[in-house]
Amino acid sequence: MKSSDLVTDALRHLNFSQPIIPELKIPPLPPSPFITNMEANYASEFYKRLVDWIKNFDANLDQTHEVGVRLVNFGQTVTFHLEDMSYWNPSLISFTGRKEDGQPVELIQHVSQISILLTSLPRENPNQPKSPIGFSAETTPEDTERLGTEE
């Protein structure tokens, strides 16, 4: 008898059916504090905090004024009417508006470098109803996020 026949004959007696693998039940794990802390520093979280601060600031303004932003970290002072904000997770926030002369501006900053001064500016269109908080952040951050990477 050949050696290959001996192997074939030996294999015939073995059972090669699917092995039985026991089912493992793994309990749900709590979120990692590292991930939770990281998500707390997402631009979307900063956005939510900024919207709250701006709403509180706007609540103290009369009907003839709206929220303005003054930037002083560019070697000169830039003041503009804040019209909108957006973010791009994990770390960018955008402020959009118009300067006093009507020129459009957009500031894109890393969340670690945000330094804005909220100020009161005369409304550009006092004959129209005052928009909430001076810009359109009444929607949720998820609605206004342009290119973010939400979960």
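The values are calculated or read from the model by the stated rules, or taken from the named source; none is laboratory data. Note that the coordinates shown come from a computational prediction; the quantities given were computed from them, not determined experimentally. Positions of Cβ are backbone-derived with ideal geometry, glycine not excepted, and every protein chain shown enters the neighbour counts.
The table below gives the values:
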| quantity | calculated |
| --- | --- |
| Flag for K2 being basic (K, R) and modelled with pLDDT of 90 or more | no |
| Check on K25, out of contact with any Asp or Glu (no Cβ under 9 Å at 6 or more places or on another chain), at pLDDT 80 or above and surrounded by 10 or more Cβ atoms within 10 Å (Cβ to Cβ) | no |
| Strands (runs of 3 or more DSSP E) (entirely within the stretch 63-128) containing at least 3 residues that are closer than 18 Å to S44 by Cβ | 78-88, 92-99, 104-110 |
| Pairs, first farther than 16 Å from R98 by Cα in the stretch 56-81, second surrounded by fewer than 10 Cβ atoms within 10 Å (Cβ to Cβ) and at pLDDT below 90, C-beta under 6 Å, six or more apart | N73/S115 |
| Close pairs (7 angstrom Cβ cut-off, 6 or more residues apart or separate chains): under 23 Å from L71 (Cβ atoms) in the stretch 117-132, hydroxyl-bearing (S, T, Y) and buried (at least 16 other Cβ atoms within 10 Å of the Cβ) anywhere | T119/T79 |
| Hits in the stretch 21-55 - residues which are of a type in the set (F, W, Y) and either without any contact (Cβ under 8 Å) to a residue 12 or more places away in the chain or in contact with a Lys or Arg (Cβ under 7 Å, 6 or more places away or on another chain) (or both) | F34 |
| Answer from N15, N41, N60 - the residue that is surrounded by fewer than 10 Cβ atoms within 10 Å (Cβ to Cβ) and modelled with pLDDT of 70 or more | N60 |
